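I have placed the structure first, in the form of structure tokens, so that the comments after it can refer back to it.
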Amino acid sequence: MVTRTTVAALATCAALLAATGCSSSFGDAKEPEQDKNGKQELTVLIATSGDAETQAVKTAAAAYAKESGNTVTVSIAKDMNQQLAQSFAGHKPPDVFYVNSDQFANYAKGGSLYPYGDQISDASDFSEQLRTSFTYDGKLVCLPKDTSTLGLVVNSDLWKKAGLTAKDYPKSWQELRNVADKLTGDGVTGLVTSDEYQRLGVFMKQAGGWLTDADQKKMTAATPENAEGLGFVQSLLKSGSMKYAKQVDTSWGGEALGKGKAAMTIEGNWLDGGMKLDYPDVKYDVVPLPAGPAGQSTLAFSNCWGVAAESAHRAASVDLVKYLSSADQQLAFADAFGVMPSRTSALKTYAEREPRAKAWVDGSAYAQGPVTIAGFDKVLSQFNTDLQSLRTADPKKILADLQRNGEQAIAKGN
């Protein structure tokens, strides 16, 4: 599941960045540290979704170590943002690490990331949208390790119990409203999802709006289109046919679906891993999100494989990243814990192997990528806080605040 922004960790990161600059510039270089046999000892820090992901990364790292002769130690972060900020401030960062899209611009602006994109001969195998998400000052800084999109996930048994068939899968907002109403009752809510823009933002995009322009140079939050998108969500919340996950005593949409408290949820392909582990007997189908007034849309998410600018093993680290981001290894990760490959070639193979993931895979063609502006993570954190009260708040006021906060971030970040 996509990691949510932790305000305290971000504040720590910001303070450390301001106090120390966090790292040397991109151009600095160090002599590589080697063991007595001339091999290098690499450290990798990841934020894992669970045991399956942890084991998969450790297995891949061990395979690379056997092939290269280098040593690779994989550690699991308890708080990724905070631990990275502290390691950058102490000038002892891990060599390779996960970088979430909401933190990417902060680290890139601070000089903490080594931009190795020009060393990847087949970088074009990653979609333009994904490459853009991890480009800073015109440079592809790091490779997307995987990709995820959102789809409408339906509890098959509850769907049939309500007398619905595959012909009733909603293709428009009105159809979504109709089936959500029909599915609500007897302790079941038609649609349950998280109270954050990482889910609700799809309705803004489907209405023809978004947070910024395509170049991320101008805020476009306070528009009639965005107000229409949030207004539609508000109408569902007021009717009771849609609830936030915490309102049904669950932590996310997958849990609500698995416990039979939600007939539908909006989630990404990471849901597969969670359902297999926690609710293996629950049957569900994944279909495209219904189209809004401006057409069909979904949101895309990714992390990248970051290499520390201060790493003493930058060449070896890039070599490790090449191994971890190869098509074969991405497909192995997909099999292990449900992520979709970020390579276009591997994604095609994945779609053939996983027909149930078709809606998620197809969504990659029309997905909206994240906003990657330095300091924008704090803007989104406040936006998410405001969205928690969307049922009773004024959508236009929420968007006006987002517009103002975003303009301030853009002024500082670009």
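The values are calculated or read from the model by the stated rules, or taken from the named source; none is laboratory data. Remember, predicted model here, so these are calculated numbers, not experimental data. Glycine gets a Cβ as well: all are built from the backbone with ideal geometry, and neighbour counts include every protein chain shown.
Quick rundown of the values:
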| read-out | value |
| --- | --- |
| From Ala47, Ala61, Ala52, Ala85, residue being modelled with pLDDT under 95 and farther than 24 Å from Gly254 by Cβ | Ala85 |
| Selection from the range 315-373 of residues that are under 19 Å from Val44 (Cβ atoms) and part of a loop (DSSP other than H, G, I, E, B) | Ser325, Ser326, Val339, Ser342 |
| Any pair with Cβ under 7 angstrom, 6 or more apart, that starts in the range 207-226 at a residue that is farther than 19 Å from Asp394 by Cα and ends at one that is among the basic types (Lys, Arg) and not in a helix (DSSP H, G or I) | Thr212/Lys218 |
| Every pair of residues 6+ apart whose Cβ atoms lie under 7 Å, when the first sits in the range 232-246 and is at positive phi while the second is of a type outside the set (Asp, Glu) | Gly240/Thr184 |
| Boolean, Trp305 is in contact with a Gly (Cβ under 7 Å, 6 or more places away or on another chain), in contact (Cβ under 8 Å) with a residue 24 or more places away in the chain and within 21 Å of Asp102 (Cβ to Cβ) | no |
| Breaking point among (1) among the acidic types (Asp, Glu); (2) in contact with a helix residue (DSSP H, G or I) (Cβ under 8 Å, 6 or more places away or on another chain); (3) not assigned by TED's automatic domain parsing to the domain that holds Ala47, for Asp319 | (3) |
| Any hit, the range 113-134, residues being among the β-branched types (Val, Ile, Thr), outside the structural domain of Pro280 (by TED's automatic domain parsing) and either within 30 Å of Leu331 (Cα to Cα) or not in a helix (DSSP H, G or I) (or both) | yes |
| All positions within the range 131-149 that are of a type outside the set (Ser, Thr, Tyr), closer than 22 Å to Leu271 by Cβ and touching a helix residue (DSSP H, G or I) at 6+ places or on another chain (Cβ under 6 Å) | Pro144 |
| Meets criteria (crowded, with 21+ Cβ neighbours inside 10 Å, modelled with pLDDT of 50 or more and polar (S, T, N, Q)) for Gln40 | yes |
| Among (1) touching a Leu at 6+ places or on another chain (Cβ under 8 Å); (2) surrounded by fewer than 18 Cβ atoms within 10 Å (Cβ to Cβ); (3) in the same structural domain as Ser112 (by TED's automatic domain parsing); (4) aliphatic (A, V, I, L, M), the one test that Val282 misses | (3) |
| Members of the range 387-405 found to be under 20 Å from the mean Cα position of the chain (by Cα) and either part of a helix (DSSP H, G or I) or among the small types (Gly, Ala, Ser) (or both), listed by number | Leu387 |
| Filter pass, Ala227 being of a type in the set (A, V, I, L, M) and either closer than 24 Å to Ser302 by Cα or in a loop (DSSP other than H, G, I, E, B) (or both) | no |
| Extreme residue, surrounded by the fewest Cβ atoms within 10 Å (Cβ to Cβ), among residues of the range 184-216 that are in contact with an Asp or Glu (Cβ under 8 Å, 6 or more places away or on another chain) and not in a helix (DSSP H, G or I) | Gly208 |
| Any hit, the range 135-142, residues being exposed (fewer than 14 other Cβ atoms within 10 Å of the Cβ), of a type in the set (Gly, Ala, Ser) and within 23 Å of the chain's Cα centre (by Cα) | yes |
| Sole residue being farther than 23 Å from Tyr114 by Cα, small (Gly, Ala, Ser), modelled with pLDDT under 95 and under 26 Å from the mean Cα position of the chain (by Cα), chosen from Ala14, Ala8 | Ala8 |
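One line per residue, one yes/no per condition, for (1) over 25 Å from Ala291 (Cα atoms); (2) surrounded by fewer than 17 Cβ atoms within 10 Å (Cβ to Cβ); (3) outside the structural domain of Gly295 (by TED's automatic domain parsing); (4) touching an Asp or Glu at 6+ places or on another chain (Cβ under 7 Å):
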residue	(1), (2), (3), (4)
Met340	no, no, yes, yes
Arg353	yes, yes, yes, no
Arg356	no, yes, yes, no
Phe383	no, no, no, no
